[in-house]
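The values are calculated or read from the model by the stated rules, or taken from the named source; none is laboratory data. Just so you know, these numbers come straight off a predicted model, no measurement behind them. Ideal geometry is used to build each Cβ from the backbone, glycine not excepted, and the neighbour counts take in all protein chains shown.
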Amino acid sequence: MDDATLNMDMLAGLAGAMGGGGGAPGLLMAHEAERMVESLRTFTIDDVGSAPWMKQREALERLNVQAHHNAVNHTDEFVKEFLISHDKIHVLVHELLVVEAWKERVYPHFATIDPSAMDAGLTNSQVYLAHYCEATLVNLLEIAFFHQDACEAAGDDALLELCDYCARRLVYLNDGRASEDAQLLSRAKREQKSAKDLLNARASDEFAEKEAEVRFGTATCALTVLRYLTDYINDVPLCVMARLLDTHDVQMLLVPLLEERPWVRRVPGKNGGPFVNEIFADGRWVEQPREDRLQLTKCDAQTWLALNNLTVDAKCRAKYRYDDHRKNTMNRLKRFFNDILLDQLPVLKDLQRVTDEILLQVAPPAHEVTQGRLILEQVPETRTRLLKRTEKEWIACARTQLSSHFADTPETRAAAMSRFEDMSKMFEFMCEMEDKERASKAKPKPDAPPPKDTVRVEFSRRAEDGEYYLWHRYDIKFDENKPVKEIVVSGEGETKIRGDQHRLRQPEPSKAPEPLSDLARQTQEAAHRASPLTPVPHDGKLTATYGGNRAEVLLDLPTVGRIKADIAGGNSASEEAEATAQLADLPPAMWITCGQVARDGFALQLKLKRTAGVHEAWRCAKTGVYYVYEPGGGALTARTGDVKPGEPARKENQGVSKGFFNSKPEKDKEAERAAREREVMEAERAARERKAAAKEAARKAEVAAAREKEAAAYIAMKKAEEVAAATKADDERGAKERATTTVGEGRNGNDADSDDDPLYDLD
């Protein structure tokens with residue numbers, strides 16, 4: 001599902017965490033949604049704010065929440081199906097136009113009729129709900145129009161009206177009002193207000209901010225609806241294509257949006273900090289991380305996709321004439337085409353190609369384009385019919401609504417209180433679900449690495465689904481009272497690796513929570529007598545962490561006890577007694593190795609001791625066997641470097657143990673290690689340089705040999721050409737001499753051919 005804007009997108013995410021049906025606030029069962037869809041009907045501008053209109057507005061909000069819930073969770077989208085089957089798409093479009101016309105023609109007169117009307121709490125809230133109804137309607141249409149069947153079921157007039165509506169929202173995004181509304185809603189504006197200003201703020205001033213928020217949100221939502229219309233431009237009536245291309249010239253409205261990006265604003269950071277970027281996403285302004293500034297926002301993507309659909313489509317190209325102005329506008333797109341953009345939206349490669357073709361083609365004259373064409377254009381009628389009133393009639397309508405629908409009367413107050421109670425319950429549910437949603441999406445913070453003289457040992461138990469989850473954790477410290485041994489182990493090939501072996505202390509006893517009752521205290525004491533530590537799962541996993549390195553190993557330890565189902569009439573006491581008797585048959589200790597020095601940088605040899613007894617707390621719930629081995633110290637070998645060629649594999653002990661804990665200060669040891677590392681790095685660098693020098697010398701020798709070969713071949717070719725030319729010249733000179741001699745003999749004797757003529761053979 002593509003992006004959905006406004007607060008309804010947030011509602012969808014919140015509802016999505018529930019996974020249930022109509023028992024929760026804000027969610028509907030299929031039959032409830034169908035009844036609501038069936039009851040949808042059209043209203044007039046005079047009905048805005050009335051009790052029936054408010055009731056339908058509440059139904060639309062609930063349908064919108066449910067539609068988002070179904071879309072986000074990829075469940076049956078029955079709200080969309082009901083809107084199509086009951087032919088209610090055009091009703092949504094009609095109500096959208098009614099609210100828009102009311103906001104443009106009726107609402108502005110409220111301030112002139114009664115300047116203090118918007119300062120009244122009830123009137124203010126009622127008017128805001130009327131404004132927000134536009135956001136609800138366009139957001140519901142956005143969800144429905146994601147599917148082609150909903151777009152086709154709207155009807156010609158509704159689609160044309162929707163095209164006009166989207167075009168008006170694009171004009172709003174382009175004419176600067178959107179940027180002003182974005183800055184009005186910025187945090188910096190709010191922080192500039194003092195406490196006195198906030199206390200003295202009028203309800204009408206706060207309403208202006210809410211109005212700007214709704215206006216900006218509906219515009220971005222209309223951008224998504226427009227993109228869906230362009231997706232199905234070849235499947236909807238032809239008048240829709242003509243409306244978008246000829247009447248509104250939507251392409252020329254989309255290109256400036258990619259340059260201005262009104263959904264991105266630059267505001268000062270918190271408490272006057274450095275400026276940060278904020279983007280409008282999911283119906284709210286959120287801070288954009290610096291590393292994501294080259295990433296497309298949802299509004300960017302919708303704009304690019306809509307422009308791609310209108311530009312690349314063959315039918316649209318055939319009907320759209322690119323004059324000089326339009327070509328210059330399309331030329332402004334070329335600076336956006338780069339690898340970063342194309343990696344995020346690979347489909348724009350076609351747009352890049354078509355843009356280049358458009359810039360190279362010669363635009364035909366306008367009369368040649370329209371010559372011989374019969375243009376029949378369908379004109380939408382709904383908005384024209386709604387606005388067919390005089391200014392006096394609009395003022396009279398506003399005066400009537402102020403005195404009836406939006407008046408602060410006992411009847412309207414009682415209805416509003418009931419409505420606000422339902423809304424408060426929904427918002428409480430939203431807040432609760434939002435916390436759960438954030439908690440589920442929040443990335444757990446990585447644990448801090450253990451200290452330098454500590455190895456972290458974590459035991460995980462395998463669940464029924466095959467996944468491992470943490471059972472217990474130990475931070476085992478090095479034993480500073482034991483000397484550190486320097487050992488050498490084999491690496492890859494003939495490489496020798498040097499390491500320091502540290503002895504480990506006994507792990508600290510496991511800390512149990514404070515018992516809440518005497519029974520809990522007795523249970524803890526019994527479990528502590530059986531094992532002061534937390535025993536290790538027999539088929540679990542061991543994960544060791546030392547510094548920045550980790551290693552894992554699977555466990556397969558001996559156990560005692562049987563599956564509970566195998567013991568007929570058994571109880572925990574008898575089972576524990578039987579398992580305790582079996583303990584003597586198990587090895588008293590076992591050693592587990594985790595990690596390799598050459599691969600992981602360390603190797604852990606962990607000793608596991610047999611427990612003193614068994615207890616129900618240390619028992620596998622799935623198999624019924626008892627965990628009977630607990631950690632009991634061991635050793636850790638940490639890699640310190642490699643043995644140099646010619647260096648003895650093992651140094652003789654000079655009476656002083658060399659390692660992490662000895663009489664030598666820690667800084668001296670670190671200096672020695674740093675010196676060894678520098679020597680190794682220098683040796684590796686020198687080897688790399690020698691290798692590079694040899695490679696460069698070989699390359700130069702190869703180049704010189706090739707050049708010598710080319711020169712010898714060239715010289716041989718030239719010599720052959722000279723010999724051939726000399727031979728040819730000699731041949732030509734000999735032939736010329738022979739021809740001259742023959743002609744001369746014939747002229748002097750006058751019988752040059754007499755010997756060859758049989759007529760002169762007299763003998």
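Assorted remarks:
- Condition check for N271: part of a helix (DSSP H, G or I) and modelled with pLDDT of 90 or more: no
- Scan of the range 246-268 for residues that are closer than 14 Å to D300 by Cα and in contact with a helix residue (DSSP H, G or I) (Cβ under 8 Å, 6 or more places away or on another chain), ordered by number: L253, L254, V255, P256, L257, L258, E260, R261, P262, W263, R265
- Every residue from the range 583-614 that is assigned to a loop (DSSP other than H, G, I, E, B), on the phi < 0 side of the Ramachandran plot and either touching a Phe, Trp or Tyr at 6+ places or on another chain (Cβ under 6 Å) or not assigned by TED's automatic domain parsing to the domain that holds D500 (or both): V614
- Each residue in the range 87-137 was checked for being of a type in the set (D, E) and buried (at least 19 other Cβ atoms within 10 Å of the Cβ), and 3 of them qualify.
- Residue that is surrounded by the most Cβ atoms within 10 Å (Cβ to Cβ), among those in the range 274-292 that are touching a residue at least 40 places away in the same chain (Cβ under 8 Å) and assigned to a loop (DSSP other than H, G, I, E, B): G283
- If the condition is being at pLDDT 90 or above, touching a Lys or Arg at 6+ places or on another chain (Cβ under 8 Å) and either β-branched (V, I, T) or over 18 Å from N139 (Cβ atoms) (or both), then the range 1-37 contributes only V37.
- Scanning the range 135-163 for residues that are under 13 Å from P237 (Cα atoms) and of a type in the set (G, A, S) yields A153, A154, G155, A158.
- Among the residues of the range 32-78, those that are aromatic (F, W, Y) and either in a loop (DSSP other than H, G, I, E, B) or farther than 30 Å from S404 by Cβ (or both) comprise F43, F78.
- Matching residues in the range 315-337 - criterion: being at pLDDT 90 or above, aliphatic (A, V, I, L, M) and part of a helix (DSSP H, G or I): M330
- When restricted to residues that are under 28 Å from W394 (Cα atoms) and of a type in the set (V, I, T), the range 45-68 contains 2.
- Index of the failed condition, D87 passing every other in (1) more than 24 Å from E381 (Cβ to Cβ); (2) not in a helix (DSSP H, G or I): (1)
- Filter pass, D282 being under 21 Å from the mean Cα position of the chain (by Cα) and more than 30 Å from C239 (Cβ to Cβ): yes
- Qualifying position, being assigned to a helix (DSSP H, G or I), in the same structural domain as R169 (by TED's automatic domain parsing), of a type in the set (A, V, I, L, M) and surrounded by 24 or more Cβ atoms within 10 Å (Cβ to Cβ), among L245, L226, L257, L253: L226
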